[in-house]
């Protein structure tokens, strides 16, 4: 029997992935035009500010049916105006595909929005586990003062539909009010 090395290594304290098939995407403010409500505050900020990074172990090719992808998102602390840093958010291209998220470090919220625009939020913290059903858009928001690291596992054929969120937006926002995170709908 030939014993091989694993596909990747995970640092469970930080979420960092290491391996030959790990890719990394960096999202800066300049990639998030139209995401934040306060356009004046957005345009006054450095467009090179890193908002979040995503590491993905692509053991299977994206789009291949029957496989899984595994990743970690790192959402930095910060705000645009009084609105906390967040990910773009997305539905899956194949709407019936579900996903798991789990909190690794930091604190924040997972916003979940159905196709009718009804939004709920779940607290994210180290050890929290979140099931994102099919037909639900999802977005992470960092409400803390340190990096929010969140692990994820999803079907390799799920795809990402960012366009629907770019067109319609989320029906809830998370802003600082009185020193605390508060959700606003509308």
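Scan the stretch 37-53 and tell me whether some residue there is under 17 Å from the mean Cα position of the chain (by Cα), surrounded by fewer than 20 Cβ atoms within 10 Å (Cβ to Cβ) and within 21 Å of residue 157 (Cβ to Cβ).
no
Taking the criterion of being touching a strand residue (DSSP E or B) at 6+ places or on another chain (Cβ under 7 Å), under 16 Å from residue 86 (Cα atoms) and without any contact (Cβ under 8 Å) to a residue 60 or more places away in the chain, would at least one residue in the stretch 145-157 satisfy it?
For the stretch 145-157, residues touching a strand residue (DSSP E or B) at 6+ places or on another chain (Cβ under 7 Å), under 16 Å from residue 86 (Cα atoms) and without any contact (Cβ under 8 Å) to a residue 60 or more places away in the chain: absent.
Being assigned to a loop (DSSP other than H, G, I, E, B) and surrounded by 12 or more Cβ atoms within 10 Å (Cβ to Cβ) is the filter here, so list the residues in the stretch 19-33 that pass it.
19, 21, 32, 33
Determine whether the stretch 54-76 contains at least one residue that is part of a loop (DSSP other than H, G, I, E, B), at pLDDT 95 or above and over 19 Å from the mean Cα position of the chain (by Cα).
There is no residue in the stretch 54-76 that is part of a loop (DSSP other than H, G, I, E, B), at pLDDT 95 or above and over 19 Å from the mean Cα position of the chain (by Cα).
Here are some residues: 127, 117. Which one is over 28 Å from residue 66 (Cβ atoms), in contact with a helix residue (DSSP H, G or I) (Cβ under 9 Å, 6 or more places away or on another chain), in contact (Cβ under 8 Å) with a residue 12 or more places away in the chain and not in a strand (DSSP E or B)?
Of the residues listed, the single one that is over 28 Å from residue 66 (Cβ atoms), in contact with a helix residue (DSSP H, G or I) (Cβ under 9 Å, 6 or more places away or on another chain), in contact (Cβ under 8 Å) with a residue 12 or more places away in the chain and not in a strand (DSSP E or B) is 117.
The values are calculated or read from the model by the stated rules, or taken from the named source; none is laboratory data. It should be emphasised that the depicted structure is a prediction, and the values quoted were computed from it without experimental measurement. When we count neighbours, we look across all protein chains shown, and the Cβ atoms used for this are built from the backbone with ideal geometry, even at glycine.
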